Amino acid sequence: MAEGARVEWLQRLHDRRRLWAVLAVGGALAIALGSLTPGSQMPSHLPWDKANHFVGYAGLAGLIGLSGVRLPRTFRMAVLFGIAIEVAQIPVPGRSGGDGWDILANSLGAGFAVLLLHLLRRGPLRRP
């Protein structure tokens, strides 16, 4: 695939805002479901918890950003959602809600995705 065709394909994919919005809602629901499931119903062997938070919220922020929300607002939305989920986890049996380290991992993941989208939009996805 020629460089121009690759960038054009990437631009078309980037511009499918409705698709990204639907996926963002689905991602938020998946995060909420996984986060609010009682600890006794969770798998016993999950990879490093903070990496899960980072990747989950990077994905969520990426989808929100691709849906057309401005990047500063995207970051705030993902971080506030992460804080809300942490607070909602407090009464869930077997879960340690309100963990500041989880909130930090969520925020770093969201920030990474926003920074990546910003760099892509300044580079290969730059509008003429």
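The values are calculated or read from the model by the stated rules, or taken from the named source; none is laboratory data. Given the structure is predicted, the values throughout are model-derived calculations rather than measurements. Don't worry about glycine lacking a Cβ; one is built from the backbone with ideal geometry, like all the others, and counts go over all protein chains shown. Heads up: the accessible areas ignore ligands, DNA and RNA and are worked out on the full protein's heavy atoms, side chains in. Shrake-Rupley method; radii C 1.70, N 1.55, O 1.52, S 1.80 Å.
Here is how the numbers come out for the structure above:
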| read-out | value |
| --- | --- |
| Top-ranked residue in the range 88-128 [being charged (D, E, K, R), surrounded by fewer than 18 Cβ atoms within 10 Å (Cβ to Cβ) and within 21 Å of residue 77 (Cβ to Cβ); ranked as modelled with the lowest pLDDT] | 121 |
| Residue count for the range 79-128, restricted to those that are closer than 16 Å to residue 31 by Cα and basic (Lys, Arg) | 1 |
| Residue identified as at pLDDT below 90, more than 12 Å from the chain's Cα centre (by Cα) and not polar (S, T, N, Q) among 43, 72 | 43 |
| Selected residue (criterion: nearest to residue 59 (Cα to Cα)) from residues of the range 7-37 that are open to solvent by less than 40 Å² (accessible area, probe 1.4 Å) and not hydrophobic (A, V, I, L, M, F, W, C) | 27 |
| Filter result (open to solvent by 60 Å² or more (accessible area, probe 1.4 Å), among the aliphatic types (A, V, I, L, M) and closer than 17 Å to residue 20 by Cα) within the range 70-87 | 77 |
| Residues of the range 73-119 satisfying the condition of being farther than 30 Å from residue 40 by Cβ and without any contact (Cβ under 8 Å) to a residue 24 or more places away in the chain | 73, 76, 77, 115, 119 |
